[in-house]
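Only the coordinates and a few stated rules stand behind these numbers; no lab work does. Not measured: the values here are computed from a predicted model. Don't worry about glycine lacking a Cβ; one is built from the backbone with ideal geometry, like all the others, and counts go over all protein chains shown.
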Amino acid sequence: MTDVIMPQMGESIAEGTIVKWFKEVGQPVKKDEPLFEMSTDKVDAEIPSPGEGVLLEILVGPGTTVDVGKVVGRIGVAGTAPSGGQQSTVDSRQEKTAPARELVAAAAPARTNSHGVASVEELRRVRSSPLVRKIAAEHGVDLARVGPGTGISGRVTKTDIMAFLEKGPSVQEAPAQAPVTVPARFFHTPTPGQKFEPFSPMREKIAEHMVMSQAISAHVCTFFEVDMTRVARLRSKHRAAYESKGVKLTFTPFVMKAAIDALLEFPILNSSIVDKKVYYHPNVNLGLAVALDWGLIVPVVHKAEEKSLLGLTRSLADLAERARIKKLAPEEVAGGTFTITNPGIYGSLIGTPVINQPQVAILGMGAVTKRAVVTEEDAIAIRHMVYMALSFDHRIIDGATADKFMSRVKATLQEFPESAM
Amino acid sequence: MVRRLGLVPYEEAIELQQEVVEQRQRDEIPDTVLLLRHPPIITVGSRGDLKDVLMPGDIPVVETKRGGQVTYHGPDQLVAWAIMRVTDLHKHLRFLEQVVIDVLQSYGLKGERVEGRTGVWVGGNKICAIGVRASRWVTSHGLALNVGPDLSAFERIVPCGITDAGVTSLNQELGHTPPDPEARFEAILLSTVDC
């Protein structure tokens, strides 16, 4: 016999109302056939039957609200007397304490696609004797559910299966409600009262994108050290002029400009791979990773190659500000062809960024710090230095190309033309 | 996958939705969102009460298999039906609300949730109604966002059984009807979820 329970429809849902039963007592029901309909304030749901047989009893009638985990009906072989004496009684008060076993059954996915489970299942099925398999088939029992048997290598013996059949319904056929599409890889038993936080949609998106990117691209990272002293000087010199135009001049626009020039010279870094074809993008749509308190977003400066240093500075400030107040239009976070990320603002010296798909490379800059450097003239000087990392997709970009690109970025920054200010 | 269907009579849309739901249940298709509009109609959900249909006039009234009570649909609305495989139905409601809140935000409007009253609200008035059905863990129905100016038909019903709050629309909040809100909705939806 199989208990039909009120399933857990969501983490925050504690109870549900039975709307109607699709079957009457005595009617046959197939596994997964809609059995009853339940409703919570804004959601209606058809609940599939957890087992096959005949609907033996309905314990909770339409219009009654009961806690999740409560047994609302029973399914079994025709003619079997329902266990327990409370046939067809509808009492919602007594059900506040749903038996723990049933709650567990509700939460535990009975079928998973996990490879491990399948192989154990297979093992037991194959290794059990024909007699045991015959008994199992006659009673509609899945041998994998009988658990490790007392036979060799966990094989299920005749004694095991007879004991199992005697034990009764709930163990025999744990009602399966939550379909699990992704097998759980890690198990963690939360300590009582331990806090947890479900993924936000943004976090889910980031997590998925990061793993996908690592799976798609052959990530290789190359590191360069760039002397930013000239840029630092230009920045100090022109800072006031930029401020009078309402923008703060940081190092980032210089790096953007250097990257744009290099992308125009090495267009393969400004491309995407689709079906073994490289698509070159006619414009440089420059993505800029912006850290948010609640995640990360990459707004895009479209046609960045058409913008002056002042224009880039303005776009950067505007996009970063609007990203933080959630005022970006959808088109402003789409269509990027290359991305720059700046972990340096939090003090990082260098990192290995993950490519923002479907792009093929990403430039990361570390913190600009003053360091003692040996100059061309073999003197030791104090210079503004930065480490830069380029993660590139080795499927289409080879090391030599990536390094030529980075050399170009480095040269532009070290010899930044004042005319571009 | 997002499918833009345009103006589709309610009953016809229900039939199409049923096909999509069955395909999704068999895992033949990915999660799918149907974007559509309906000619004027009053729909009564499973928890609806016909006494909330005050004076339908010439607007047809149909009972429908979704959660929630009574609502009105008309061509000035954006309707999104989400046929998605889910594991948590309340999370699904919050997800639908979030997409609408993000869409509103992209127009500079502050959409809010009200505890115990599923839907999205602007300044105390309801701009988006939500009602969902699930069958074998595949959802259907979804949300109706008021876009255009014609809200008069809401006076013919008690929307969602709520008597102490009004309804509003993008047009009413912005002073104009934004062009192609479906494109905006689709872009934000796709930036939130794979479908």
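Quick notes on this one:
- Under 5 Å, built H, 5+ apart or other chain: amide partners of A:Val278: none
- The loop-placed trypsin sites (Lys or Arg not before Pro) in segment B:89-173, going by DSSP, that have at most 13 neighbouring Cβ atoms within 10 Å of their Cβ come out as B:Lys110.
- Applying a length cut-off of 24 Å (Cα extent along the axis) and a mean Kyte-Doolittle floor of 0.0 to the DSSP H helices of chain B leaves B:89-106.
- When peptides A:267-279, A:404-416 are ranked by their average number of other Cβ atoms within 10 Å per residue, the highest-first order is A:404-416, A:267-279.
- Near B:Val33, the amide H atoms lying under 5 Å from its own belong to B:Val2, B:Arg3, B:Ile83; only residues 5 or more places off or on other chains count, and H is placed 1.01 Å from N.
- Electrostatic bookkeeping for A:Leu310 treats Lys and Arg as +1 and Asp and Glu as -1; over the other residues with beta carbon under 11 Å from its beta carbon, the sum is +4.
- Gyration tensor verdict on segment B:119-195 (Cα atoms; rounded if a/c is under 1.5, prolate if a/b is larger than b/c, oblate otherwise): oblate
- B:Glu19/A:Ala78 FRET efficiency (R0 30 Å; Cβ-Cβ; nearest 0.05): 0.30
- Rounded Å value of the spacing that divides the Cα centres of segment A:323-380 and segment A:186-234: 14
- As a calculated quantity, the FRET efficiency between A:Arg371 and A:Arg239 at R0 = 22 Å, using C-beta atoms, amounts to about 0.50.
- Inter-label distance for B:Glu155 and A:His281, nm, one decimal - labels placed 7 Å from Cα along Cα-to-Cβ: 5.2
- Loop-located trypsin sites (Lys or Arg not before Pro) in segment A:23-82, at most 16 other Cβ atoms within 10 Å (DSSP): A:Lys30, A:Lys31
- Top of B:Ser46, B:Ser135, B:Ser152 by mean-square fluctuation, Gaussian network on chain B, Cα under 10 Å: B:Ser152
- Each of the peptides A:44-51, A:287-294, A:392-399 was scored by the mean count of other Cβ atoms within 10 Å over its residues; in descending order, highest first, they stand as A:44-51, A:392-399, A:287-294.
- Ascending count of other beta-carbon atoms within 10 Å, so fewest first, for A:Cys221, B:Cys160, B:Cys128: A:Cys221, B:Cys160, B:Cys128
- Comparing B:Thr177, B:Thr163, B:Thr43 in a Gaussian network model of chain B (Cα springs below 10 Å), the most mobile by mean-square fluctuation is B:Thr163.
- Unsatisfied cross-links (Cα-Cα over 22 Å) in the set A:Lys257/A:Lys404; A:Lys42/B:Lys91; A:Lys245/A:Lys410: A:Lys245/A:Lys410
- Prolate/oblate/rounded call for segment A:255-315, Cα gyration tensor, a/c under 1.5 rounded: oblate
- Loop-resident trypsin sites (Lys or Arg not before Pro) (DSSP state other than H, G, I, E or B) in segment B:19-54 with no more than 13 further Cβ atoms inside 10 Å of their Cβ: B:Arg26.
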